[in-house]
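Notes follow once the structure below has been shown.
The values are calculated or read from the model by the stated rules, or taken from the named source; none is laboratory data. Predicted model, so just to flag it, every value in this text is computed and none were measured. Ideal geometry is used to build each Cβ from the backbone, glycine not excepted, and the neighbour counts take in all protein chains shown.
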Amino acid sequence: MSNIKWKIGWGLSNKCNMACKFCYSRKVRREQKNFDNVIQTGIDFVKKNRNKIDSINFGTGEPTVEPSFFSFCDQLNRVAPNVTLGVTTNGNLAKAARNPYNLDVFIRCIEDIDISLDFGDAERQDESRNCEGAFQGVIETLKLCQKYGKNATVVSVMHKYNCSYSNFSSMIRIARLYNASFRINILRPTVDFSFALPYKNLKDNFINLIREYEVESIADPLLAALVEADCPNGDPTAESSFRILPNGYVTPSTYLLDADWQVKRLDEIDNIDSMHELDSFKKIKAVEIPQSCGKCRMREICKGGVFDRRWLWYHDFSENDPYCPLRFGDSLDWKQLSGNVIYSKKRKSFVHDGYLPTLIFNPIINARALSRWDNIYLNYRSSYNSNEPDQYILKAEEITSQKTKRKVLDLGSGLGRNGKYFLSKGDYVSFIESSKVANDILVKSLLDKNIMSGYSVIECDIVEFLENEKNESFDIVLAMHIISHGTIDIIASSYIKNIYRVLKKNGIACITLPSITDERCPNHGADIYEYTLEDGPEKGIVHSFYSEAALLREINGFEVLEIDEKTNDNGNAHWNLILRKR
């Protein structure tokens with residue numbers, strides 16, 4: 001008798017309230033017949049095999065829009081109380097839980113909740129899901145899970161169009177703010193390959209994730225082998241996990257949906273351990289390590305990679321994983337990460353860990369990922385805690401010719417006091433800030449007030465952002481107390497030049513730069529002076545101080561609307577500029 005405790009993925013219903021362009025299950029979205037029979041068959045099957053089932057997770061479509069979903073969970077919990085029930089939701093769970101019975105079932109019966117997120121801002125999330133309010137549903141469901149102490153995970157499908165450092169930082173931040181974990185599924189293209197993730201995107205972003213966050217689980221044998229992470233069970237497909245489709249058929253993988261893989265219906269299976277005797281399961285069990293793996297040092301861990309990826313890309317298990325570095329002439333040691341994986345000290349149990357090849361991270365920032373500015377905001381937050389916008393921001397708002405729906409760029413936004421002002425005016429604000437700590441504080445302050453749209457918070461290097469932004473993208477650019485944090489060359493060649501470039505014609509720039517008369521500057525007679533501060537919160541950070549003549553040379557090309565030198569009570573002197581792009 002087998003000692004396996006099975007993990008089941010259950011596509012209970014075809015129904016969905018959204019229309020994701022990259023959806024893997026559209027291929028099996030057909031009219032569902034005899035749904036009541038499917039429900040009863042499921043209850044009977046789980047009752048018979050309850051001692052051999054570890055967990056059941058409901059996905060495919062949106063389970064919570066199916067009227068029978070919550071009563072089904074209630075019945076399953078009664079016949080198999082030791083089986084963990086989970087659901088993957090697009091955020092509709094919060095809406096469904098407004099029904100008192102549904103909420104009661106959620107509280108009593110559903111322990112593990114995965115909430116799908118593609119982008120860390122409302123505009124792109126709603127567009128990706130073809131559904132207004134999709135992002136709001138995610139936040140409301142996370143709040144619901146937090147309120148009732150549920151094991152919540154933000155899950156993202158990593159694909160060609162959402163795989164960037166700044167976007168993943170935004171999504172992980174949302175998980176962090178609501179005490180959720182963060183899980184990644186690498187897209188399996190069951191329909192077409194237009195969203196397939198390029199190798200370089202996968203590598204770069206996986207490296208960043210490993211460096212910055214603690215690992216809960218890497219259940220992907222290829223990626224685990226590349227960084228020498230634990231993956232004791234390899235690919236669980238057909239070994240200890242399977243999928244029940246909405247039509248009642250069983251398949252060994254969520255992503256193997258062709259008819260050849262659907263060899264039997266659930267009502268034709270009595271003993272769960274007989275799954276191993278199904279032809280589709282035996283086909284996977286018989287797969288050998290590809291000859292192309294040769295004497296690769298990772299072959300006994302990787303075993304050729306993930307089964308469903310190999311089949312979907314090549315329809316041939318003799319091929320190795322499409323993301324094997326050797327296919328791209330790359331090294332097997334990704335940036336010397338081997339042996340440097342940091343595991344979460346309180347590793348949780350997840351229904352998806354051991355159900356399919358997936359990656360799960362603890363979103364808490366590990367110490368080695370904290371930047372100098374993170375430590376400044378951690379230790380000196382009160383110095384940057386003002387909620388009032390700078391007075392020059394108010395003047396710029398009055399001057400701009402574009403009065404509604406302006407696009408505002410807030411560079412080095414910190415805790416967001418200036419950008420928030422424009423947000424309150426109905427403008428769209430892009431907050432650009434490299435500090436994870438500052439961005440957490442900013443986003444939490446907005447979400448706590450249910451401000452969910454009209455902005456994006458982009459975590460990246462400011463120079464890098466400016467150099468990659470399109471021409472004439474913004475009506476207003478704010479650079480308050482930020483571009484002075486750099487060398488003279490960077491200020492001239494990267495900051496001011498690119499601020500001019502990304503502004504629309506007649507756009508307004510608000511810029512603050514330190515004056516040469518600032519008491520922190522050792523040489524008040526210089527034209528421009530570059531100096532590394534020796535004390536204070538910004539100790540060790542380069543500052544550049546300007547005379548008025550030097551400043552006017554740097555901003556040549558702008559129309560100067562206002563230039564004003566102010567000295568505060570601490571002797572810190574700044575030039576405050578309001579400029580217009582000619």
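Could you grab me the full set of residues in segment 166-205 that are surrounded by fewer than 18 Cβ atoms within 10 Å (Cβ to Cβ), of a type in the set (Phe, Trp, Tyr) and modelled with pLDDT of 95 or more? Across segment 166-205, the qualifying residue is only 199. Taking the listed residues 383, 349, the one that is closer than 20 Å to residue 178 by Cβ, at pLDDT below 85, loosely packed, with under 15 Cβ neighbours inside 10 Å and small (Gly, Ala, Ser) is 349, with no other qualifying.
Can you report the number of residues in segment 494-520 which are part of a loop (DSSP other than H, G, I, E, B) and surrounded by fewer than 20 Cβ atoms within 10 Å (Cβ to Cβ)? Walk me through it before giving the result.
Initially, segment 494-520 is screened for residues part of a loop (DSSP other than H, G, I, E, B), giving 516-520.
Okay, now just the ones that are also surrounded by fewer than 20 Cβ atoms within 10 Å (Cβ to Cβ), so 517, 519-520.
The total comes to 3.
Here residue 85 meets the list (1) farther than 25 Å from residue 10 by Cα; (2) touching an Asp or Glu at 6+ places or on another chain (Cβ under 8 Å); (3) of a type in the set (A, V, I, L, M) almost entirely, failing just condition (1). Checking each residue in segment 279-292 for being in contact with a Leu (Cβ under 9 Å, 6 or more places away or on another chain), buried (at least 18 other Cβ atoms within 10 Å of the Cβ) and of a type outside the set (A, V, I, L, M) picks out only 280. Scanning segment 522-540 finds one or more residues that are touching a residue at least 60 places away in the same chain (Cβ under 8 Å), in a loop (DSSP other than H, G, I, E, B), on the phi > 0 side of the Ramachandran plot and not aliphatic (A, V, I, L, M). The one condition from (1) closer than 22 Å to residue 545 by Cβ; (2) touching a Leu at 6+ places or on another chain (Cβ under 7 Å); (3) modelled with pLDDT under 95 that residue 392 does not meet is (2).
On the basis of being closer than 29 Å to residue 380 by Cα, among the hydrophobic types (A, V, I, L, M, F, W, C) and in the same structural domain as residue 392 (by TED's automatic domain parsing), does residue 511 make the cut? Against the criterion (closer than 29 Å to residue 380 by Cα, among the hydrophobic types (A, V, I, L, M, F, W, C) and in the same structural domain as residue 392 (by TED's automatic domain parsing)), residue 511 qualifies. Count of segment 106-139 residues, restricted to those that are closer than 17 Å to residue 95 by Cβ and outside any loop (DSSP other than H, G, I, E, B), is 17. Does residue 562 meet the test of being touching a residue at least 60 places away in the same chain (Cβ under 8 Å) and surrounded by 18 or more Cβ atoms within 10 Å (Cβ to Cβ)? So residue 562 fails the test.
Note on segment 59-85: residues that are assigned to a helix (DSSP H, G or I) and either in contact with a Pro (Cβ under 6 Å, 6 or more places away or on another chain) or over 19 Å from residue 248 (Cα atoms) (or both) total 5.
The one condition from (1) at pLDDT below 95; (2) farther than 18 Å from residue 351 by Cβ that residue 65 does not meet is (1). Screening segment 380-493 for strands (runs of 3 or more DSSP E) wholly inside it with 3 or more residues that are of a type in the set (Phe, Trp, Tyr), in contact (Cβ under 8 Å) with a residue 40 or more places away in the chain and not assigned by TED's automatic domain parsing to the domain that holds residue 551 returns no ranges. From the list 95, 15, the one residue that fits, being without any contact (Cβ under 8 Å) to a residue 60 or more places away in the chain, in contact with a Gly (Cβ under 8 Å, 6 or more places away or on another chain), within 22 Å of residue 155 (Cα to Cα) and assigned to a helix (DSSP H, G or I), is 95.
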